[in-house]
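The values are calculated or read from the model by the stated rules, or taken from the named source; none is laboratory data. Since the structure is predicted, the reported quantities are computational estimates derived from the model, not experimental observations. Here Cβ is always computed from backbone atoms with ideal geometry, including for glycine, and neighbour counts include all displayed protein chains. Each accessible area value is taken on the protein alone, full model and side chains, heavy atoms only, with ligands, DNA and RNA left out. Shrake-Rupley method; radii C 1.70, N 1.55, O 1.52, S 1.80 Å.
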Amino acid sequence: MSEARKVHIKSFGCQMNVYDARRMADTLARDGYSETASAEEADLIILNTCHIREKAVEKVYSELGRLREMKTESESEGRRQMIAVAGCVAQAEGKEIIRRAPSVRLVVGPQNIHRISELVARANAGEAVVDTDFAVEDKFEQLATPKPEVTRARGISAFVTVQEGCDKFCTFCVVPYTRGVEASRSAERILAEAENLVAQGVKEITLIGQNVNAYHGRGLDGRDWTLSKMIARLAEIPELLRIRYTTSHPRDMDDKLIEAHRDIEKLMPFLHLPVQSGSDRILGEMNRKHTRAEYFRIIERVRKARPDMAFSSDFIVGFPGETDRDFEDTLALVREVGYAQCFTFKYSPRPGTPAAEMDAQVPEDVKSERLYRLQELVERQQHEFNLSCVGKELDVLFEKPGRHEGQIVGRSPYLQPVPVMAAKSIIGSVARVRVNELRTYSLIGELVADTPATPAANSIPEVNAFA
Ligand code: 5AD
Ligand code: SF4
């Protein structure tokens, strides 16, 4: 342990980056770094970047321009600041970042963050450090676990990475190039991480991975385990109340995983299952490896296993060659499934991916118009879904104090925020709420009397600060 220093990590993009940021912070804590929300007061600033869409690279350079000015100013006051770039743009750009933005002294790819301490030490000693080779060692083994008080401060819901990378090679996507091929962690390590989190008061775990349902890690019995098996084992942890997983690929929704939704009560009835397009022709061009009919069939089977299941999806509009007819197929698919929530994106050509080289790129104004129409539809569906919850009783996991005095906010099984008037001791437990009203995206309700909160609130370690 050395002198007290501060690190500021700014994360962009997906949950994998949120998770990586936390693990970098945990690992740097061993070197005396504590986290700060202010870039100005940090000794080390890490931009944890995302490369999935839009002008990601240009955004990083303009952010670096702002940081350079800040660094120059603090240096004029005699302070030193180190700027590092991590994440998928770091992986894709490598040493080009230091060439274009010499104020950056460290570039580290997502597969190398376990070496962060050593890399920062080298950069602090004056070296310009670039580490983007895919590491052969197990990075998860070397990343530090969070200190108990840090886990408690992060709240009762946590992410655990179980799988990284992707072998699907959808033609629009950079992930297989930036995060590498699919790799799963062993059940033993996942379980140890989950048990450690639960011991500090975590009640909900979301298993994350770019292609999480392709999980096939070494099981406790030495055989490969699937995601459903891993979920079943985690469900045996008594104090863990809820389990979720994201993001899934339709091709990997196997029978056992669908059955898990029927059999494991802790597994929440909310599934993010991106389809991207409703047109078979475009699905083929995207190399999605499934048809529209196959997707409908999966939705139907999941709904049969768990009738109260709600779905969300990602959509891309304006993929090369997408016609009005293809887009109408997407709208029709959305109407047929009826989603609780959707993420919609304009196609953005990613350097090095096959779709970026395709003819018939769709003009920007057509993409914008389609995005607008799709968003209008999915927002209407989301509103209808939220309205359908009014008048129902839902189990809510309470997370933190709300904005108003005496209010505690929790989440429904469908991740909707639910504020109720309740005692603080309810935080960390599940209780039944009668939903009376929808206010924007929040469900306003009241605790149903005589339903005991699970578990008894006094079995929870003190949780008093939230991320
Ligand atoms: N352009 C637009 N959206 C993309 N996504 C991935 N790559 C691209 C791209 N090149 C979207 C997909 C994916 C989500 C994480 O981001 O919908 O599911
Ligand atoms: Fe990208 Fe397709 Fe893999 Fe998802 S499944 S990470 S969209 S290549």
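Pick from 201, 165, 217, 222: which is without any contact (Cβ under 8 Å) to a residue 60 or more places away in the chain and farther than 20 Å from residue 254 by Cβ?
None of the other options fit; the residue is 222.
May I ask you to verify whether residue 204 is among the charged types (D, E, K, R) and more than 21 Å from residue 18 (Cβ to Cβ)?
no
List the strands (runs of 3 or more DSSP E) inside the range 208-327, counting only whole elements, that have at least 1 residues being under 18 Å from residue 189 (Cβ atoms).
Output list reads 242-246.
Run down 121, 86 and say which single residue is within 25 Å of residue 40 (Cβ to Cβ), modelled with pLDDT of 95 or more and surrounded by fewer than 19 Cβ atoms within 10 Å (Cβ to Cβ).
The conditions single out 121.
Looking at this structure, is residue 378 more than 16 Å from ligand 2 (Cβ to nearest atom), of a type in the set (Val, Ile, Thr), under 30 Å from residue 255 (Cα atoms) and buried (at least 16 other Cβ atoms within 10 Å of the Cβ)?
So residue 378 passes the test.
The conditions are (1) over 24 Å from residue 147 (Cβ atoms); (2) in contact (Cβ under 8 Å) with a residue 40 or more places away in the chain; (3) more than 16 Å from ligand 2 (Cβ to nearest atom), and residue 190 fails exactly one of them. Which is it?
(1)
Tell me which residues, restricted to the range 256-278, are free of Cβ contacts under 8 Å to residues at least 40 places away in the same chain and either within 15 Å of ligand 2 (Cβ to nearest atom) or more than 20 Å from the chain's Cα centre (by Cα) (or both).
Passing the criteria: 256, 260, 263, 264, 265.
In the range 362-375, which residues are over 26 Å from residue 294 (Cα atoms) and either away from ligand 1 (no atom under 12 Å from the Cβ) or touching a strand residue (DSSP E or B) at 6+ places or on another chain (Cβ under 7 Å) (or both)?
Residues satisfying the conditions are 363, 364, 365, 366, 367, 368, 369, 372.
Looking at 171, 151, can you tell me which residue is touching a helix residue (DSSP H, G or I) at 6+ places or on another chain (Cβ under 9 Å) and away from ligand 2 (no atom under 16 Å from the Cβ)?
Details: 171 fails: away from ligand 2 (no atom under 16 Å from the Cβ).
Result: 151 is the single residue among 171, 151 that is touching a helix residue (DSSP H, G or I) at 6+ places or on another chain (Cβ under 9 Å) and away from ligand 2 (no atom under 16 Å from the Cβ).
Going by the structure shown, is residue 362 more than 16 Å from ligand 2 (Cβ to nearest atom), among the aliphatic types (A, V, I, L, M), assigned to a loop (DSSP other than H, G, I, E, B) and surrounded by fewer than 21 Cβ atoms within 10 Å (Cβ to Cβ)? Steps first, answer last, please.
Details: more than 16 Å from ligand 2 (Cβ to nearest atom): yes; among the aliphatic types (A, V, I, L, M): yes; assigned to a loop (DSSP other than H, G, I, E, B): yes; surrounded by fewer than 21 Cβ atoms within 10 Å (Cβ to Cβ): yes.
Judged against the criteria, residue 362 is a match.
Collect the residues in the range 328-350 that are within 11 Å of ligand 1 (Cβ to nearest atom) and in a loop (DSSP other than H, G, I, E, B), keeping them in residue-number order.
347, 348, 349, 350
Checking residue 177 against (1) assigned to a loop (DSSP other than H, G, I, E, B); (2) modelled with pLDDT under 95; (3) of a type in the set (Phe, Trp, Tyr), which test does it fail?
Among (1) assigned to a loop (DSSP other than H, G, I, E, B); (2) modelled with pLDDT under 95; (3) of a type in the set (Phe, Trp, Tyr), the lone unmet condition for residue 177 is (1).
Could you tell me whether the range 231-254 includes any residue that is open to solvent by 20 Å² or more (accessible area, probe 1.4 Å) and more than 30 Å from residue 310 (Cβ to Cβ)?
No.
Residue by residue, here is whether (1) over 22 Å from residue 286 (Cβ atoms); (2) more than 23 Å from the chain's Cα centre (by Cα); (3) within 16 Å of ligand 1 (Cβ to nearest atom) holds:
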| site | (1), (2), (3) |
| --- | --- |
| 324 | no, yes, no |
| 352 | no, yes, yes |
| 356 | no, yes, yes |
| 386 | yes, no, no |
| 391 | yes, yes, no |
| 411 | yes, no, no |
| 418 | yes, no, no |
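Does residue 159 fit the bill of being at pLDDT 90 or above and outside any strand (DSSP E or B)?
So residue 159 does not fit the description; no.
State yes or no: is residue 97 over 30 Å from residue 188 (Cα atoms) and open to solvent by 40 Å² or more (accessible area, probe 1.4 Å)? Show your work before the answer.
Numbers: over 30 Å from residue 188 (Cα atoms): yes; open to solvent by 40 Å² or more (accessible area, probe 1.4 Å): no.
Criteria not met by residue 97.
Can you name the residue in the range 24-38 that is crowded, with 20+ Cβ neighbours inside 10 Å and out of contact with any Ser or Thr (no Cβ under 8 Å at 6 or more places or on another chain) and, of all such residues, is nearest to residue 162 (Cα to Cα)?
Only one residue fits best here, namely 24.
Would you mention how many residues in the range 279-290 are within 16 Å of ligand 2 (Cβ to nearest atom) and either in contact with a helix residue (DSSP H, G or I) (Cβ under 9 Å, 6 or more places away or on another chain) or in contact (Cβ under 8 Å) with a residue 60 or more places away in the chain (or both)?
8
Take residue 136 and decide whether it is outside any helix (DSSP H, G or I), away from ligand 2 (no atom under 16 Å from the Cβ), over 24 Å from the mean Cα position of the chain (by Cα) and modelled with pLDDT of 95 or more. Step through it out loud before you land on a result.
On the way: outside any helix (DSSP H, G or I): yes; away from ligand 2 (no atom under 16 Å from the Cβ): yes; over 24 Å from the mean Cα position of the chain (by Cα): yes; modelled with pLDDT of 95 or more: no.
Judged against the criteria, residue 136 is not a match.
Could you count how many residues in the range 1-23 are more than 15 Å from residue 88 (Cα to Cα) and either more than 15 Å from the chain's Cα centre (by Cα) or open to solvent by 50 Å² or more (accessible area, probe 1.4 Å) (or both)?
9
Scan the range 111-118 and tell me whether some residue there is of a type in the set (D, E, K, R), away from ligand 1 (no atom under 16 Å from the Cβ) and either more than 22 Å from the chain's Cα centre (by Cα) or surrounded by fewer than 22 Cβ atoms within 10 Å (Cβ to Cβ) (or both).
yes
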